[in-house]
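Enquirer: Let me give you the structure first, and then I'll get to my questions.
The values are calculated or read from the model by the stated rules, or taken from the named source; none is laboratory data. Everything numeric here is computed off the predicted structure, so don't read it as measured data. Don't worry about glycine lacking a Cβ; one is built from the backbone with ideal geometry, like all the others, and counts go over all protein chains shown. These accessible areas exclude ligands, DNA and RNA; they are computed on the full protein's heavy atoms, side chains included. Shrake-Rupley method; radii C 1.70, N 1.55, O 1.52, S 1.80 Å.
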Amino acid sequence: MSQVPDDVREKAEELSRKINYHNYRYYVLDDPEISDAEYDRLFDSLVKLENNYPQLKTADSPTQKVGGAVLDSFKSVKHRTQMLSLNKVNTKAEFMEFHRRIIELTKIESADIEYTIEPKFDGLAVELIYENGILTAALTRGDGITGEDVTFNIRTIGAVPLRLNLNDEMPSLLEVRGEVVLSISDFERLNKQRLEKEEEPFANPRNAAAGSIRQLDSSVAAGRPLDFIAYGAGEFEGVEIGSQVELLKFFKKAGFKIPEYADEKRSYQEVIEEYGRILEHRGSYRYEIDGTVIKLNDFEMRMAAGELSRSPRWAVAWKFPPSQEQTMVEEIFVNVGRTGALTPVAVLKPVRVAGVTISRATLHNEDELKRKDVRVGDTVIVQRAGDVIPEVVKVIKEKRAGTEKKFEMPDKCPVCGARTQRLENQAATRCTNKSCPAVQKEYIAHFISRGAMDIDGLGYKTAEKMLENNIIKNAADLYHLKKEDILRLERMGDKLADNILNAIDKSRHPDLQSLIFALGIPNVGGYLAGVLAREFGSIENLSEQTVEQLESVQDVGPIVARAIYNYFQEAQNLKFLQRLKDGGVVFPENNATEITDILADYTFVLTGSLQFCTREDAKSKLEALGAKVASSVSGNTSYVVAGEKAGSKLEKAKKLSIPVKDEDWLVSLLESGGKNIDD
Ligand code: IVH
């Protein structure tokens, strides 16, 4: 390689400096000084120099922000210090309780306690690691202990400096923690584009941000207008910072975006006032926020307050109440899910609720629909809280004009046209056609999921595309796929096709519990699948049981017994099982030893909405570890896991003094395979 002449090196450095500066003006300050064309000229000049002298292409060169690198998988990396999560409060009284705890722990007079207050951004938490001022790694939070290395995607974010903008006091190490976010307007634009391309829209800005960062092809992230806001530090060396206010000011100087109005210390009264102000303006923020974060300002005081295993005692998230708006129901349609259940959905006149435009709200089922008496043309109150799917709270009956139309659940499936039916004692109306395309689509997502056949590497989207393109007709067809079939999919490469085939191949030896769970028999979750596996030892034996025999098994009630029996009576299901076998799936016999039941002694109740997965998913994951998941709190409950908006069950748990855990706890429990139960 030829030596870089001094003048070329200097020219390149000057261009880098300029481009970094203009990036900062544009992405961080939102106040560009030059036109896009001028910027492009600078950028192209640097690209040219770097092409002539590839040695100039260093990790902190602004040309490295454009993306293009593709990975096979993410590397797991341990955080130097754990990335904690936050305890939550919902009311002023609860905040005051937090404040009193702080007084107790720090032994400081109430009036002398200083806090900061920041919006709580609803995005993806990451940690950026700078060594001697250069961005060397970026990790997701993961479970707090270990994250995934997403450096190549984080690099593409305009507001992330590749080199700290500091001359003096360059820290030898600085771990910047903050949130990757997408502004609400960019989110809405992105979803519009996705709809135009017939791609599934993202549910909320957080999913869009997380979905962009967890991509193996960095050009995806580069194409999304992601932003980064710095609000915390991991480890740092070579710089003196003693408080949150100092930290944020330092971040600002180094070239980061920080939360507005956060670099001010406040008394607890001022925190309460500021909370009120932020709440009042929640709809006018650029980013989706779901509350505020209040932190002790002084780092030494934080030490005195201490930390719990997963969250600090020196900070708290004060959440917003769900926000409500009025709008009109323009239409009601039904959606068909995995078990064939028909869910009525209201199409709304688009309305902004807490900053996000919503145009749909679930009406759950026929009874809900009747109870709320929602009609087409009605004026309704809708609400959303954080990640909760928007829902209709109530109809404003006074606004009825008499022209509103009642909605009846259809007697034909809107997807395949087959008859629908609602069984006695069940809330759901279902499509009766087992091979209804809507059912197959949802079913396959269950079939390939963890806890079931665990076909890691075949994404749900890919499976869906295979169905849509008639490459497969059902889940069993996966085991008959040939490479040339897979290659017929759009944007499918040779390597990816091989990976998919490998992943499918690996799943050909399931344990019995997973296989039974994968069948998707109504009401047979992971836990029951385990019971059945232990009791009957093989699919064949299970299929030969009578309803009475099934019912005699502990934990198997009459409805489930009937469902299992019915499953094996249907010719279509037997054909499906045979096709699995023909495709090389080995049906295990009597391998009861492999079944995990580490949580067999525990009963959980899940309440509120979870962020990482649906309650159904969490339930089957717990059950797969042997736990029982009950629907109501009683003296037998071991733990209540409360997500957002947890209501009466939480109250009851408190009354009965049953330990209440948050979602982070649940996630790390599941990740530990149940071993962390005593944490
Ligand atoms: S501080 C111990 N500040 O909330 C400090 N977190 O439940 C923990 N978040 O994973 C983080 N905005 O994703 C902090 N201004 C803010 C935040 C914030 C959003 C998220 C973050 C974290 C979660 C904690």
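Enquirer: Looking only at region 88-108, count how many residues are within 16 Å of the ligand (Cβ to nearest atom) and part of a loop (DSSP other than H, G, I, E, B).
Expert: 1
Enquirer: Here's something else I'd like to know. Determine which member of the set ASP122, ASP60, ASP72 is closer than 30 Å to ARG286 by Cβ, at pLDDT below 95 and either open to solvent by 70 Å² or more (accessible area, probe 1.4 Å) or within 16 Å of the ligand (Cβ to nearest atom) (or both).
Expert: The conditions single out ASP122.
Enquirer: Would you confirm, using the coordinates I've provided, whether THR327 is among the polar types (S, T, N, Q), modelled with pLDDT of 90 or more and out of contact with any Ser or Thr (no Cβ under 9 Å at 6 or more places or on another chain)?
Expert: When the stated conditions are applied, THR327 does not pass them.
Enquirer: Somewhere in region 16-30, is a residue within 16 Å of the ligand (Cβ to nearest atom) and in contact (Cβ under 8 Å) with a residue 60 or more places away in the chain?
Expert: No, the conditions are met nowhere in region 16-30.
Enquirer: Restricting to region 60-87, what's the tally of residues that are in contact with a Gly (Cβ under 9 Å, 6 or more places away or on another chain) and part of a helix (DSSP H, G or I)?
Expert: Count: 1.
Enquirer: Here's another thing I want to ask about it. Would you check which residues across region 405-456 are without any contact (Cβ under 8 Å) to a residue 60 or more places away in the chain and in contact with a strand residue (DSSP E or B) (Cβ under 7 Å, 6 or more places away or on another chain) and list them?
Expert: Within region 405-456, LYS405, ASP411, LYS412, CYS416, ALA418, ARG419, GLN421, ARG422 meet the criteria.
Enquirer: Also: If we scan region 169-176, do we find a residue that is within 14 Å of the ligand (Cβ to nearest atom) and part of a strand (DSSP E or B)?
Expert: Checked against the condition, which is being within 14 Å of the ligand (Cβ to nearest atom) and part of a strand (DSSP E or B), region 169-176 yields at least one hit.
Enquirer: Looking at (1) free of Cβ contacts under 8 Å to residues at least 12 places away in the same chain; (2) closer than 27 Å to GLU237 by Cα, which is the one condition that is false for ASP112?
Expert: Answer for ASP112: the failing condition is (2).
Enquirer: Looking at region 125-168 only, could you name the residues that are aliphatic (A, V, I, L, M), within 11 Å of the ligand (Cβ to nearest atom) and open to solvent by 10 Å² or more (accessible area, probe 1.4 Å)?
Expert: Result: ALA125, single match.
Enquirer: Could you please find all residues in region 12-34 being of a type in the set (Lys, Arg) and either surrounded by fewer than 16 Cβ atoms within 10 Å (Cβ to Cβ) or touching an Asp or Glu at 6+ places or on another chain (Cβ under 9 Å) (or both)?
Expert: ARG17, ARG25
Enquirer: Of these, ILE500, ILE444, ILE486, which one is of a type outside the set (Ser, Thr, Tyr), part of a helix (DSSP H, G or I) and under 21 Å from ASN523 (Cα atoms)?
Expert: ILE444
Enquirer: Please go through (1) β-branched (Val, Ile, Thr); (2) more than 21 Å from THR116 (Cα to Cα); (3) assigned to a strand (DSSP E or B) for VAL374 and return the number of the only condition it doesn't satisfy.
Expert: (3)
Enquirer: Based on this model, can you work out whether ARG491 counts as in contact with a Gly (Cβ under 9 Å, 6 or more places away or on another chain), open to solvent by 10 Å² or more (accessible area, probe 1.4 Å) and in a loop (DSSP other than H, G, I, E, B)?
Expert: Judged against the criteria, ARG491 is not a match.
Enquirer: Tell me which residues, restricted to region 177-215, are basic (Lys, Arg) and within 16 Å of the ligand (Cβ to nearest atom).
Expert: Scanning region 177-215 gives ARG177, ARG206, ARG214.
Enquirer: Among what's in region 296-330 and is in contact with a strand residue (DSSP E or B) (Cβ under 7 Å, 6 or more places away or on another chain), open to solvent by 20 Å² or more (accessible area, probe 1.4 Å) and more than 23 Å from GLU391 (Cα to Cα), pick the residue that is nearest to the ligand (Cβ to nearest atom).
Expert: Within region 296-330, the match that is nearest to the ligand (Cβ to nearest atom) is TRP314.
Enquirer: Let me confirm something: among TRP314, TRP318, which residue is in contact with a Gly (Cβ under 6 Å, 6 or more places away or on another chain), of a type outside the set (S, T, N, Q) and within 28 Å of TYR287 (Cβ to Cβ)?
Expert: TRP318
Enquirer: Among the numbered criteria (1) over 24 Å from ILE272 (Cβ atoms); (2) within 16 Å of the ligand (Cβ to nearest atom), which single criterion is violated by SER85?
Expert: Failed condition: (1).
Enquirer: When region 505-537 is examined, which residues are found to be more than 16 Å from ALA452 (Cα to Cα) and either open to solvent by less than 80 Å² (accessible area, probe 1.4 Å) or at pLDDT 95 or above (or both)?
Expert: Taking region 505-537 first, the residues more than 16 Å from ALA452 (Cα to Cα) are 534-537.
Residues satisfying the conditions are PHE536, GLY537.
Enquirer: So, one more: Evaluate region 649-670: report whether one residue or more is within 26 Å of PHE320 (Cα to Cα), of a type in the set (Ser, Thr, Tyr) and either in contact with a helix residue (DSSP H, G or I) (Cβ under 9 Å, 6 or more places away or on another chain) or touching a residue at least 60 places away in the same chain (Cβ under 8 Å) (or both).
Expert: For region 649-670, residues within 26 Å of PHE320 (Cα to Cα), of a type in the set (Ser, Thr, Tyr) and either in contact with a helix residue (DSSP H, G or I) (Cβ under 9 Å, 6 or more places away or on another chain) or touching a residue at least 60 places away in the same chain (Cβ under 8 Å) (or both): present.
Enquirer: Filter region 331-344 down to residues that are assigned to a loop (DSSP other than H, G, I, E, B) and open to solvent by 40 Å² or more (accessible area, probe 1.4 Å), then give me how many there are.
Expert: 2
Enquirer: Tally the residues that are surrounded by fewer than 18 Cβ atoms within 10 Å (Cβ to Cβ) and within 16 Å of the ligand (Cβ to nearest atom), restricting the search to region 221-240.
Expert: Number satisfying all stated conditions: 2.
Enquirer: So if I check each of ASN523, ASN470, which one is out of contact with any Pro (no Cβ under 8 Å at 6 or more places or on another chain) and within 18 Å of ASP617 (Cα to Cα)?
Expert: It is ASN523.
Enquirer: From the list SER218, SER267, SER243, which one is within 16 Å of the ligand (Cβ to nearest atom), open to solvent by less than 50 Å² (accessible area, probe 1.4 Å) and among the polar types (S, T, N, Q)?
Expert: SER243
Enquirer: Of the residues LEU139, LEU135, LEU174, which is modelled with pLDDT of 95 or more and touching a His at 6+ places or on another chain (Cβ under 8 Å)?
Expert: LEU139
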